[in-house]
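Each remark here refers to the structure printed beneath this line.
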Amino acid sequence: MSEVVTFEKRAAVGIVTVDSPPVNALSQAVRQGLLEALEKALAAPDVKAIVLACKGRTFIAGADITEFGKPPRPPELGAVIARLEASEKPVVAAIHGTALGGGLEVALGCNYRVAARDAKCGLPEVKLGILPGAGGTQRLPRLVGVPRALEMIVSGDPVGAATAKDLGLVDHVVREDEGDLLSAAVAFAEKVASRRPLPKVRDLTAHIEKARAQPDLFDKARKDAKAKSRGGQAPLRCIDAVQAAVDLPFDQGLKRERELIAEAIESTESKALRHVFFAERQAAKIPDVPPGTPTTPVRKVAILGAGTMGGGIAMAFANSGIDVVLVDREAPFVEKGLGIISKNYASTVSKGRLSQAEMDARVGRIGGTTSWDDLAEVDLVIEAVFEEMGLKKEIFGHLDKLCRKDAILATNTSTLDVNEIARSTSRPEQVIGLHFFSPANVMRLLEIVRGEKTSRTVVATSMKLAKDIGKVGVLVGVCYGFVGNRMLHAYGREAQLLIQEGALPQQVDAVLTGLGFAMGPCATSDLAGIDVGWRIRKGQPKPPPGERYSGAVADRLAEMGRFGQKTSAGFYRYEAGSRTPLPDPAVEAIIAEVSRELGITRKPIEDDEILERSMYAMVNEGAKILDEGIALRASDIDTVWINGYGFPPHRGGPMFYADTVGLAKIHARILEFFARHGKVWTPSPLLARLASEGRTFASLDAQRAGVTPG
Ligand code: T1G
């Protein structure tokens with residue numbers, strides 16, 4: 001008898017229940033259990049209909065991803081679904097939580113689907129670099145139509161119960177007065193028990209015939225997918241599979257789907273995206289702050305600084321139902337900050353992505369003040385003022401006197417020493433860095449900077465808070481630039497030195513967008529504002545003799561007032577009202593002049609050198625960060641770069657990428673660059689060790705987690 005799937009009878013309805021926490025994934029045990037329970041239900045003469053339901057937080061959330069890449073164990077999911085579909089008795093899927101991937105495919109194998117009002121249905125496989133592999137690409141188009149199925153499968157985004165009903169994906173959404181989902185599903189099953197013939201999704205043809213009359217459907221989908229996927233292949237395989245549903249009979253379409261997923265699952269792209277999936281979940285686990293570590297409630301938050309960052313942070317909290325007060329020195333600053341917040345919400349409402357009522361609720365949670373007395377009762381203060389140490393220490397000194405003793409004092413600094421800031425208070429254990437990324441209401445990453453005195457409760461509270469406000473929290477230690485900005489500095493340095501030596505901004509950017517970045521380093525500088533880095537560099541000492549200064553070209557552009565998009569000229573020029581970077585001969589002349597002044601004879605630079613120097617500088621710095629314990633895991637570094645710096649997810653992040661290239665090869669190239677370009681390329685001892693031992697960053701993470709890799 002299966003531990004994870006049970007069978008019981010309720011009058012003439014047989015109830016098959018999956019109970020395999022945390023998300024009822026279709027492990028071998030669940031697949032086996034489903035078959036056994038189904039056979040029981042079919043064999044029971046008094047059972048006229050069957051309900052398939054799940055215990056716990058959700059309906060089946062897909063195949064068991066931890067089984068990928070391992071030798072397949074029967075029964076195969078497709079066979080379980082085929083048995084379901086061949087049932088002589090009606091089968092009703094009772095969906096709550098998220099019916100995802102193989103879970104929705106199981107439901108599509110049933111004759112009917114009944115959903116709870118807050119249920120979601122989707123086929124997110126593309127986000128794992130694969131495609132639905134148990135009939136989803138063949139059955140969903142038959143049920144909801146080819147265009148909508150393409151959209152759902154290529155985006156991987158779920159739909160809510162109401163939309164699923166409108167699409168015909170579910171037959172019934174449980175009303176308030178119908179009681180709980182299971183009772184409603186049993187009642188529905190009793191209602192259809194004698195209805196024949198049994199509806200089978202595989203038999204539906206209307207939508208398929210309609211699509212046959214739209215031959216350009218798939219070419220258009222491929223064109224859109226290519227534009228969006230930045231080199232990812234999974235969306236294209238999804239389209240191929242759905243096209244097979246239109247071009248081929250059902251069973252041949254299923255066979256084509258299986259061929260495509262077999263290909264996809266072995267791809268580096270899918271291994272990268274599966275790494276990203278688990279890396280994001282691993283990041284939440286802090287070895288010395290185990291689940292159950294006490295946390296403090298965060299119901300009221302104050303944000304110091306009503307500028308762009310402060311406003312975005314306020315929206316992130318208000319979006320998650322938490323009250324916020326924006327604080328600034330003068331009323332006009334506060335009003336301006338609140339005004340920008342309302343404008344942002346209004347534009348979201350105008351795009352139909354937020355209701356007016358929800359906007360009003362969120363705006364209602366955000367207050368503004370110039371009085372620091374309003375800080376006396378908050379649970380958390382986040383300081384988001386100008387990046388200057390003296391100012392921050394002065395502010396934390398005030399907060400220390402004003403705020404409740406158990407309040408958390410956080411700084412949004414992106415580079416400065418959190419320990420030094422904490423030392424300006426009498427409660428360094430209550431001080432932590434909460435480094436948001438702009439726009440803070442959109443960017444998912446939250447670098448949580450643990451000071452040497454920060455308490456476990458404050459760490460646990462901050463990690464939980466990150467999840468509560470829809471962020472991916474990654475715990476990092478204190479060093480200049482923490483994880484993300486410290487590696488960004490190395491990456492940006494090489495991009496600028498390559499430009500001094502002979503490359504052009506458009507060549508450097510093309511290499512990185514070719515890897516899958518949405519933007520290269522030069523276009524990103526133009527977006528962020530070249531003047532931002534220029535002002536910071538002016539306050540910093542120049543590099544020691546023998547070490548080249550990478551900021552020379554950017555400084556020259558800034559001195560000429562070319563700040564980037566905001567001045568329609570930076571590394572690129574921009575037509576009025578356009579954000580499209582256009583190569584500018586004037587910049588080529590400026591670069592040539594700077595190279596001459598630096599005594600550099602410009603020469604052609606290969607794309608490979610640009611890729612290697614940009615990536616390997618990042619990886620080398622990442623290895624140093626790991627060696628110093630600033631990051632707990634290499635996978636945390638990947639999570640930082642994917643959620644905060646636009647690293648292409650289908651490459652897995654810089655450290656995963658390094659493992660795919662091979663650490664020995666990277667270390668050898670770094671030694672060459674060290675010989676050619678000096679101590680900025682000093683190899684990380686950790687990287688050297690792993691390379692010499694033929695190991696990977698993944699094996700290091702596994703070793704540190706005390707698990708055997710694979
Ligand atoms: N397999 C194995 N483990 C899974 C899992 C899965 N499908 N989904 C979640 N987990 C683990 C996760 O690692 C974590 O573990 C715990 O469950 C809670 O997850 C044939 C081939 C369902 C929306 O892509 O999107 O079906 O860290 O922290 O925020 O066509 O999990 O606690 O040890 O994310 O409440 C398709 C993936 C698979 C859905 C819940 N399905 N999961 O979110 O919890 S491919 C998916 C999710 C497929 C078929 C193909 C989310 C969730 P731990 P969590 P959550």
request  = Please order 681, 372 by the number of other Cβ within 10 Å, starting at the fewest.
outcome  = 372, 681
query = How far apart, in nm, are two points set 7 Å out from the Cα along the Cα-to-Cβ line at residue 206 and at residue 580?
reply = 4.3 nm
request  = Return 661, 114 ranked ascending by Cβ neighbour count within 10 Å, so the fewest neighbours appear first.
outcome  = 661, 114
request  = Report the extension gain between residue 175 and residue 467 in nm, rounded to one decimal, defined as 0.36 nm multiplied by the number of residues separating them, less their alpha carbon distance.
outcome  = 102.1 nm
message = Suppose R0 equals 51 Å. What FRET efficiency, 1/(1 + (r/R0)^6) with r the Cβ-Cβ distance, do residue 356 and residue 601 give to the nearest 0.05?
response = 0.25
remark   = In Å³ per residue, the alpha-carbon convex hull of the chain encloses 178 Å³
query = What residue among 372, 433, 390 has its Cα farthest toward the positive end of the dipole of region 368-494, where the charges are +1 on Lys, Arg and -1 on Asp, Glu, each on the Cβ?
reply = 433
query = Normalised by the number of residues in region 66-217, what is the relative contact order in percent for Cα pairs under 8 Å and 6+ residues apart?
reply = 26 percent
note = So, with points 7 Å from each Cα along the Cβ direction, the residue 703-residue 566 label distance in nm works out to 4.6 nm
inquiry  = Can you compute the label reach from residue 480? Point 7 Å from Cα along the Cβ direction, backbone N cut-off under 19 Å, restricted to region 638-655.
reply    = none
inquiry  = Within region 232-252, name every residue whose backbone N is under 18 Å away from a label modeled 7 Å from Cα of residue 268 along the Cβ vector.
reply    = 232-235
remark   = So the angle from the long Cα axis of helix 28-43 to the longest Cα principal axis of the chain, reported in degrees to the nearest 10, equals 20 degrees
Cα long-axis angle, helix 505-515 against the chain (0 to 90 degrees, to the nearest 10) = 30 degrees
ask   = Which of the peptides 155-164, 497-506 is most tightly packed, and how do the rest follow, judged by the mean count of other Cβ atoms within 10 Å per residue?
value = 497-506, 155-164
remark   = Note on the chain, DSSP bridge orientation, antiparallel percent to nearest 5 equals 30 percent
remark   = Here the gain from full extension of residue 11 to residue 39, 0.36 nm per residue of separation minus their alpha-carbon distance, amounts to 8.3 nm
query = With contacts defined as alpha carbon pairs under 8 Å and 6 or more residues apart, what's the relative contact order of the chain in percent?
reply = 9 percent
query = For region 296-417, what are the per-bin percents of Cα-Cα distances with bins 10 Å wide, up to the bin holding the maximum?
reply = 14, 45, 31, 9, 1
key: Dipole magnitude of the chain, debye to nearest 20 (Cβ charges: Lys/Arg +1, Asp/Glu -1, about Cα centre)   = 500 debye
ask   = Which angle from 0 to 90°, rounded to the nearest 10, does the C-alpha axis of helix 268-282 make with the longest principal axis of the chain?
value = 80 degrees
ask   = Of 128, 169, 150, which is farthest on the positive side of the dipole of region 91-212, counting Cα position, with +1 on Lys and Arg Cβ, -1 on Asp and Glu Cβ, and the Cα centre as origin?
value = 150
request  = Sketch the reach of a paramagnetic label on residue 363 as a point 7 Å from Cα along Cα-to-Cβ, and name the residues of region 308-340 whose backbone nitrogen lies under 12 Å away.
outcome  = 338-340
inquiry  = Which one, 279, 215, 514, is farthest towards the positive end of the dipole of the chain when Lys and Arg carry +1 and Asp and Glu -1 on their Cβ?
reply    = 215
query = About its Cα centre, what dipole magnitude does region 593-680 give when the only charges are +1 on Lys and Arg Cβ and -1 on Asp and Glu Cβ, stated in debye to the nearest 20?
reply = 180 debye
inquiry  = Run the reach check for residue 191 against lysines, Cα to Cα strictly under 25 Å, same-chain hits fewer than 8 apart removed. What comes back?
reply    = 9, 40, 48, 55, 89, 120, 165, 200
Inverse mean reciprocal Cα-Cα distance (Kirkwood Rh) of region 1-128, Å = 14.4 Å
ask   = So, by mean Cβ neighbours within 10 angstrom, what's the order for 374-384, 67-77 with the highest one leading?
value = 374-384, 67-77
key: Using a Förster distance of 56 Å, the FRET efficiency for residue 28-residue 393 (Cβ separation, nearest 0.05)   = 0.45
inquiry  = Can you compute the charge dipole magnitude of region 563-710 about its Cα centre, using +1 on each Lys and Arg Cβ and -1 on each Asp and Glu Cβ, nothing else charged? Give it in debye, rounded to the nearest 20.
reply    = 160 debye
key: Proximal aspartates and glutamates to residue 679, defined as alpha-carbon separation beneath 15 angstrom and excluding residues fewer than eight positions away on the same chain   = 494, 547, 621
remark   = Contour minus Cα-Cα span, residue 423 to residue 456, at 0.36 nm per residue, comes to 10.1 nm
query = Separation between the residue 668 and residue 117 pseudo-spin-labels, each 7 Å from Cα along Cα→Cβ, expressed in nm?
reply = 6.4 nm
ask   = Whole-Hz Karplus ³J(HN,Hα) for region 298-304, in order, using 6.51 cos²θ - 1.76 cosθ + 1.60 and θ = phi - 60°, x for Gly and Pro?
value = 10, 10, 9, 10, 10, 10, 8
task = Take the alpha carbon atoms of region 435-460, find their center, do the same for region 671-710, and report the distance between the two centers in whole angstrom.
result = 27 Å
task = Any lysines with Cα under 25 Å of the residue 343 Cα? List them, leaving off those in the same chain fewer than 8 positions away.
result = 300, 351, 471, 566
request  = Go through 683-692, 94-103, 647-656 and give me the packing order, highest mean Cβ count within 10 Å leading.
outcome  = 94-103, 647-656, 683-692
inquiry  = Quick check on the chain: helices-only [θ] at 222 nm, where DSSP H runs of length 4 and up contribute -39,500 (n - 2.57) each and the sum goes over total residues. Nearest 500, please.
reply    = -15000 deg cm²/dmol
key: region 66-120 and region 220-248: distance between their alpha carbon centers, rounded to Å   = 24 Å
task = Please order 697, 188 by the number of other Cβ within 10 Å, starting at the fewest.
result = 188, 697
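Values in this text are rule-based calculations from the coordinates and carry no lab data. Note that the structure is a prediction, hence the values are computed from the model and not measured. Counting neighbours? That spans all protein chains shown, and the Cβs are built from the backbone with ideal geometry, glycine included.
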